[in-house]
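The structure appears below as structure tokens.
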Amino acid sequence: MVLLRLFGARIGEGVVIKPAVRIGCPWLLSIGHHSWIGEGVRIDNSVGVTIGANGTCLATTGAVEAGSVPGAFERPILIEDGARVAACVVLAPGVRIGRDAVVTRSSVVTHDVPMRAVVIAAADRPSERRLQRRALV
């Protein structure tokens with residue numbers, strides 16, 4: 001974390017950043033007090049990422065992409081205080097994860113998540129049936 005701070009990252013007290021975390025532009029990163037970033041998380045923050053305080057958690061191997069495509073889709077990401085983002089989640093540019101919200105494993109978040117909401121990835125059951133093709137004779 002010392003190296004991140006030397007490059008301009010604003011990191012609060014009691015923050016835990018696990019090994020193999022990749023951060024694109026540390027000078028545009030802000031992490032609040034007592035938050036946790038899991039192993040293998042990739043933060044592509046060419047326009048800024050703010051991660052809240054008080055137990056805000058990004059679990060392993062997720063991707064936070066505030067500027068994955070230069071120019072067209074560069075918008076900052078805000079993860080508010082107490083939010084939980086599970087493993088293998090992708091946050092698209094410009095999303096806001098509300099206070100105390102939960103984003104479950106393998107979700108792809110493209111819209112804002114309200115306060116205390118739960119985002120569930122894919123259901124374990126099919127959502128609709130495919131139409132059966134009739135053979136042409």
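Determine the shape class of the stretch 1-104: with a ≥ b ≥ c the square roots of the Cα gyration tensor eigenvalues, call it rounded for a/c under 1.5, and otherwise prolate if a/b is greater than b/c, oblate otherwise.
Since a/c stays below 1.5, the shape of the stretch 1-104 is classed as rounded.
List, in order, the whole-Hz ³J(HN,Hα) value for each residue of the stretch 46-60 obtained from phi through the Karplus relation with A = 6.51, B = -1.76, C = 1.60 and θ = phi - 60°; use x for Gly and Pro.
5, 10, x, 9, 10, 10, x, 10, 6, x, 4, 9, 10, 7, 5
Ile79: net charge of surrounding residues, Cβ under 15 Å, Lys/Arg +1, Asp/Glu -1, itself excluded?
+1
Collect residues whose amide H, placed 1.01 Å from N in the peptide plane, falls under 5 Å from the amide H of Ala63; neighbours closer than 5 in sequence don't count.
It is Arg42, Val89, Val90, Leu91, by chain and number.
None of the figures in this text is laboratory data; all of them are computed from the coordinates on show. Please read all numbers here as calculations on a predicted model, not as lab measurements. Neighbour counts run over all protein chains shown; Cβ positions are idealised from the backbone, glycine included.
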